[in-house]
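The values are calculated or read from the model by the stated rules, or taken from the named source; none is laboratory data. Bear in mind the structure is a predicted one, so any value in this text is a computation, not a measurement. Heads up, the Cβs are rebuilt from the backbone with ideal geometry, glycines too, and the neighbour counts pull from every protein chain shown.
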Amino acid sequence: MRRISHFQISHLLIALLACVGLPVSAGCATETVKVAVQKTGTFAWELAVIRAHQLDKQADISIDAVELASPEAGKIALRAGNADIMVSDWLWVSRERALGAKLTFTPYSSALGAVMVPANSPIKTLSDLKGRKLAVAGGPLDKSWLLLQASLKRDGIDLKSQAAISYGAPPLLAAKLADGEMDAGLNYWNFCAALEAKGFRRLTGVEDLLAPFGAKGRTAMIGYVFDEDWAGKHRDLVARFLSVTAKAKEILAASDADWQTIAPLTGAPDDATLRVYRDRYREGIPRRPVAEEEADARILYGVLAAIGGRDLVGPSPELSPGTYYRADARD
């Protein structure tokens, strides 16, 4: 066995101390992960918490937030290699995998939209939407909209043809509902939270539609998306990034003070709105094993594929293998 000299031992100790001390040397340099984010998105809230609590420094990573205007811009950045990670849904990941891309997904949030109506609305059940003016955010292939249609089809209601549907951007449709131009609105969770703070009533949350289809719990529809080849080369970095973001979520789950700190980022105009944002965000923190999330995703994929067709899911009739990231997988 080769003997190690005192000189070599001293140099090893110096290298070790450099890694745990304040200066970061070349041998243990902070690794950077580039995350495509929307400036007003919830990841911006988490990132503020990460930096305020120095969770990134503790994990020896640097999170480079690449601010983009839309989810589509994020997809372009990810494909081009200008971002390592973005937030999107497993449906898109599955479709991309079916088309040859090697993307993979891990849950980020199960916060979903809702059908909102004015407090004094005569609409009491989903069936009452028949014949009404309904605002739908996201367009005709929006997942929540498709799940709502599928839910009502079981009761013999074709909402797409039996209601007056208006598609549009979430803020515009929320304003139209608030101004009384629409009878009801299906919108993203944060816009629903803002309406809720104004006294509007949640007719139903999209999460309430899932169990009758066979889902066993709240399913995280959106998550972190990254290239599996990149993840294979940076397993430890991915693990540290996911650990850091999980810690940020737990801080936001427990600390009301941190919500006051990030209040300007949320755009909440008052404390009442901030409280609803806080509560709905907390409800959406994923708590289940990935295997359970994937099992429900497979069920919901079938529901969505049946109503959305090839335009939605592409060539794959079922959730593509490898859609969900497994940290213990080996090449």
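From Phe226, Phe241, grab the single residue that is of a type outside the set (Asp, Glu), in the same structural domain as Gln54 (by TED's automatic domain parsing), closer than 22 Å to Lys34 by Cβ and not in a helix (DSSP H, G or I).
Answer to the selection: Phe226.
Please work out which one of (1) exposed (fewer than 13 other Cβ atoms within 10 Å of the Cβ); (2) of a type in the set (Gly, Ala, Ser); (3) within 20 Å of the chain's Cα centre (by Cα) is the condition Ala257 fails and give its number.
Tallying (1) exposed (fewer than 13 other Cβ atoms within 10 Å of the Cβ); (2) of a type in the set (Gly, Ala, Ser); (3) within 20 Å of the chain's Cα centre (by Cα), Ala257 fails exactly one: (3).
Could you list, in sequence order, the residues of the range 172-197 that are of a type outside the set (A, V, I, L, M, F, W, C), out of contact with any helix residue (DSSP H, G or I) (no Cβ under 7 Å at 6 or more places or on another chain) and in contact (Cβ under 8 Å) with a residue 12 or more places away in the chain?
Lys176, Gly180, Glu181, Asp183
For Pro317, indicate whether it is touching a residue at least 24 places away in the same chain (Cβ under 8 Å) and not in a helix (DSSP H, G or I).
So Pro317 fails the test.
Looking at Ala135, Ala163 in this structure, which one is more than 25 Å from Gly284 (Cα to Cα), in contact with a strand residue (DSSP E or B) (Cβ under 8 Å, 6 or more places away or on another chain), outside the structural domain of Leu91 (by TED's automatic domain parsing) and buried (at least 17 other Cβ atoms within 10 Å of the Cβ)?
Ala163
Quick one: which of Ile50, Ile85, Ile76 is modelled with pLDDT under 95 and β-branched (Val, Ile, Thr)?
That would be Ile76, the only listed residue that is modelled with pLDDT under 95 and β-branched (Val, Ile, Thr).
Based on this model, can you work out whether Leu265 counts as closer than 19 Å to Gly41 by Cα, outside any loop (DSSP other than H, G, I, E, B), within 21 Å of the chain's Cα centre (by Cα) and modelled with pLDDT under 95?
yes
Among Ala163, Ala169, Ala135, Ala150, which is small (Gly, Ala, Ser) and within 20 Å of Ala215 (Cα to Cα)?
Ala150
From Leu242, Leu173, grab the single residue that is out of contact with any Phe, Trp or Tyr (no Cβ under 6 Å at 6 or more places or on another chain), of a type outside the set (Asp, Glu) and under 22 Å from Arg287 (Cα atoms).
Every option except Leu242 fails the conditions.
Can you tell which of Asp256, Asp296 is of a type outside the set (A, V, I, L, M) and under 18 Å from Val93 (Cβ atoms)?
When all the criteria are applied, what remains is Asp296.
How many residues does the range 22-38 hold that are modelled with pLDDT under 75, out of contact with any Cys (no Cβ under 6 Å at 6 or more places or on another chain) and not polar (S, T, N, Q)?
6
Determine whether Asp84 is buried (at least 20 other Cβ atoms within 10 Å of the Cβ) and either in the same structural domain as Ala48 (by TED's automatic domain parsing) or over 23 Å from Arg235 (Cβ atoms) (or both).
In short, yes.
Could you run through the range 268-291 and say how many residues are surrounded by 17 or more Cβ atoms within 10 Å (Cβ to Cβ), in a loop (DSSP other than H, G, I, E, B) and over 18 Å from the mean Cα position of the chain (by Cα)?
So the answer is 1.
Grab the helices (runs of 4 or more DSSP H) fully contained in the range 155-223, keeping just those with 1 or more residues being within 26 Å of the chain's Cα centre (by Cα).
The qualifying helices (runs of 4 or more DSSP H) are 170-178, 189-197.
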